[in-house]
Amino acid sequence: MYIPTANRKLICQALFKDGVLVAKKDYNAPRHPEINVPNLQVIKAMQSLTSRGFVKTQFSWQYYYYIITDEGLAYLREYLNLPQDVVPSTFKKVVRAPAPSRFGDRPEREDRGGFRRDNEGYRRRNFDENRKEGASEGFRPEFRGGFGRGRPQQQE
């Protein structure tokens, strides 16, 4: 498909800026929501880059997700005439401030003697050697065929 050079550059710039690009699978959409280019041209340009191994494609829930590869990064730097020190925003390391204390200025708890010390007897039975478990001695279940999904009961 013929894609004008100006539109191809816009698509490549958007891909290089973030390192990723998302396009809805709507071939009739007049414009891509983030780039001022027809959506079909975005999908076909990314399809071309995918076939050359410059972009990895993931499709889910009617959306194409395009992720730039290392080879694609080198190709777009050359195509867009960018220096080596410029990288997509997804490749930049984010410096985060150290996380604040979760409990503020609250002092630490004193040792309580282990995990769930108060619940030692929880769900434990008192073991009695004379007590038998299970059904009583007089319990005799009777299973007659023909009920549920088994063989039908014979008619007499």
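Here are some notes:
- Residue count, region 45-82 (criterion: in a strand (DSSP E or B) and polar (S, T, N, Q)): 3
- Selected residue [at negative phi, open to solvent by 40 Å² or more (accessible area, probe 1.4 Å) and aliphatic (A, V, I, L, M)] from Leu49, Leu82: Leu82
- Pairs are defined by a Cβ separation below 8 Å, a sequence spacing of at least 6 or placement on different chains, a first member in region 6-20 that is of a type in the set (Asp, Glu), and a second member that is in a helix (DSSP H, G or I) and surrounded by fewer than 16 Cβ atoms within 10 Å (Cβ to Cβ); the pairs so defined are Asp18/Ser89; Asp18/Thr90.
- Count of residues meeting criterion [in contact (Cβ under 8 Å) with a residue 24 or more places away in the chain and in a helix (DSSP H, G or I)] in region 21-44: 4
One line per residue, one yes/no per condition, for (1) more than 20 Å from Val87 (Cβ to Cβ); (2) open to solvent by 10 Å² or more (accessible area, probe 1.4 Å); (3) at pLDDT below 90:
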| site | (1), (2), (3) |
| --- | --- |
| Ala6 | yes, yes, no |
| Leu10 | no, yes, no |
| Leu15 | no, no, no |
| Leu21 | no, no, no |
| Lys24 | yes, yes, no |
| Ala29 | yes, yes, yes |
| Asn39 | yes, no, no |
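- Gly72 being at pLDDT 65 or above and surrounded by 13 or more Cβ atoms within 10 Å (Cβ to Cβ): yes
- One residue from Ala29, Ala23, Ala6 being within 26 Å of Lys93 (Cα to Cα) and of a type in the set (Gly, Ala, Ser): Ala23
- Tabulated pairs, region 86-101, first assigned to a loop (DSSP other than H, G, I, E, B), second open to solvent by 100 Å² or more (accessible area, probe 1.4 Å), C-beta under 9 angstrom, 6+ apart or interchain: Pro88/Lys17
The values are calculated or read from the model by the stated rules, or taken from the named source; none is laboratory data. Here the structure is a predicted model, which is why all the values come from computation and not from measurement. Positions of Cβ are backbone-derived with ideal geometry, glycine not excepted, and every protein chain shown enters the neighbour counts. Accessible surface areas use protein heavy atoms only, side chains included; no ligands, DNA or RNA. Shrake-Rupley method; radii C 1.70, N 1.55, O 1.52, S 1.80 Å.
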